[in-house]
1. Please arrange K81, K22 by counting, for each residue, the other beta carbons lying within 10 Å of its beta carbon, fewest first.
2. Compute the length gained on full extension between S222 and V174: take 0.36 nm times their separation in residues and subtract their Cα-Cα distance, giving the result in nm to one decimal.
3. For H77 and A102 in the same chain, what is the full-extension length gain: residue separation times 0.36 nm, less their Cα-Cα distance, in nm?
4. Taking neighbour counts of Cβ atoms within 10 Å as a proxy for exposure, in what order, fewest first, do S209, S222 appear?
5. Based on the Cβ-Cβ distance from D120 to K87, what FRET efficiency comes out when R0 is 35 Å, to the nearest 0.05?
6. Residue-wise, which Karplus ³J(HN,Hα) couplings in Hz belong to segment 72-86, taking 6.51 cos²θ - 1.76 cosθ + 1.60, θ = phi - 60°, and x for glycine or proline?
7. By counting other Cβ atoms within 10 Å of each Cβ, how are H217, H16 ranked from fewest to most?
8. Tell me the label-point distance for the pair V109, A34, using the 7 Å Cα-to-Cβ offset, in nm and rounded to one decimal.
Amino acid sequence: MTLEAQQPVPESENPHYSVPWKFIDNWIGVILLALIQGMIAIIVLLGSKTELAQSAAIVLLELAYILPVILILVWRHVSWKQLGFGKFEWKTLGLGCGLLVAAYTIIIVHNALLYFMGVDTQGEKIAKMFAELNSPFWFAIVAAVVAPFVEETFFRGFLFQGFRARYGWKVGMVLSSAIFAAAHLDLVVLIPTFILGNVLAYVYHRSNSVWPGIVLHFLVNSFGLCGAYFATHYQSFIPL
């Protein structure tokens, strides 16, 4: 056996992390997402201000995450299963819940600092949206159901996997989480979203499945929506 054969394979070249699409496809997906969301935003700004139009815009902006993935998978003749739609160990969810508790200790401190600085937190902004919408049904459905599915598919199943195959899981986790945070287009949620992105990417890394992340993402968004709805409609129950 030669000396070269004895050397360990670098993590970024480990076949365990290989993906059936090219590395450049990751950046093509990011660019396509930015273009699609930009076009939808322009259409919304130029279009009607009715509640129906607002609801349609919310749905389209979330579905925009899945379109680049569809285009690239069709182009590369890749199966959806390659994104991580497979079985996973349930204990991964327990790990994810524990990491979320740790993450939220940091996020709560972050939001408290924003509050004392007089800056609206994400929860306050969502509460205002609830108050402005006559019927927040579509907003709640998209945020709690559609968003976890399409965002986990794009950011973890597609983007994180591609970066992990090239750079290893640690760099892939940080890079995909940074893009995940930036895609929300809100400086207030940049740090919390980045932290949550790292948790979800690590859970994906441990399970190689998007399902644990979808469940955790659903729980995070659902609890946030319930809290915002309660704060908006039952203010009298909140102690001052």
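1. K81, K22
2. Full-extension gain reported as 14.8 nm.
3. Contour length minus Cα-Cα distance gives 5.0 nm.
4. Arranged by neighbour count, lowest to highest, S209, S222 become S222, S209.
5. Calculated transfer efficiency: 0.25.
6. 6, 5, 5, 4, 8, 6, 10, 7, 4, 4, 5, 7, x, 8, x
7. H16, H217
8. 3.2
Each value in this text was obtained by applying a stated rule to the coordinates, not by laboratory testing. For clarity, every value in this text was computed on a predicted model and none was experimentally measured. Cβ atoms come from the backbone with ideal geometry, glycine included; neighbour counts cover every protein chain shown.
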